1. Within the range 38-63, can you find the residues that are under 14 Å from ALA17 (Cβ atoms) and in a loop (DSSP other than H, G, I, E, B)?
2. Out of the residues in the range 16-57 that are surrounded by fewer than 15 Cβ atoms within 10 Å (Cβ to Cβ) and more than 26 Å from ASP85 (Cα to Cα), state the one that is nearest to the ligand (Cβ to nearest atom).
3. Given the criterion loosely packed, with under 10 Cβ neighbours inside 10 Å and either part of a helix (DSSP H, G or I) or touching a Phe, Trp or Tyr at 6+ places or on another chain (Cβ under 6 Å) (or both), identify the matching residue among HIS66, HIS100.
Amino acid sequence: MKEGMSGRKHGAVTPCAACKLLRRKCGQDCVFAPYFPANEPHKFANVHKVFGASNVNKMLQDLPMHQRGDAVSSMVYEANARVRDPVYGCVGTISSLQQHIHMLQTQLAQAQAEVVHLKARQTRCNSNLGLSPNSPTNSCSPSSKIMGSYAKPIFDMDMVVDHAIYSDSIWS
Ligand SMILES: [Zn+2]
């Protein structure tokens, strides 16, 4: 209480979000001040709720200065995830992303298998038509013309009529 009172007495020095929440004096050497500015009070609130201020303090002091920013980002992310999802926290996000990766890898494998299948079919088709590898287009067009003439409607009609007569002769 005394510390809180004296901190407020300084007036000019705004305590960082951590010290404000913990109601303690925010000194020049405050380990939280660079990462928990006064204008982002929620940032520290969740970290304190999940990890505890003294643990965060210890973790930051064990780290070299240049790694503390990343550590704070990680703790803030994990704490927010834990508050959103108290059971799984950020593990829930990680496992859902892993599932997504697995699903996409399966789709990719299916697409690759289809490509291999289509390539094999194309190669088989070309070899059945007796194509020379140098002129596949020239050899392919006459074969499609033959196919077209087979599909002529008149020819089909003749077939149907012939078949009908044949059937009648059998039935009578
Ligand atoms: Zn502070």
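What follows draws every value from the coordinates through simple rules; no lab data is involved. Bear in mind the structure is a predicted one, so any value in this text is a computation, not a measurement. Virtual Cβ from ideal backbone geometry, glycine too; neighbours counted across all protein chains shown.
1. If the condition is that a residue be under 14 Å from ALA17 (Cβ atoms) and in a loop (DSSP other than H, G, I, E, B), then ALA38, ASN39, GLU40 are the ones that fit.
2. GLY27
3. HIS66
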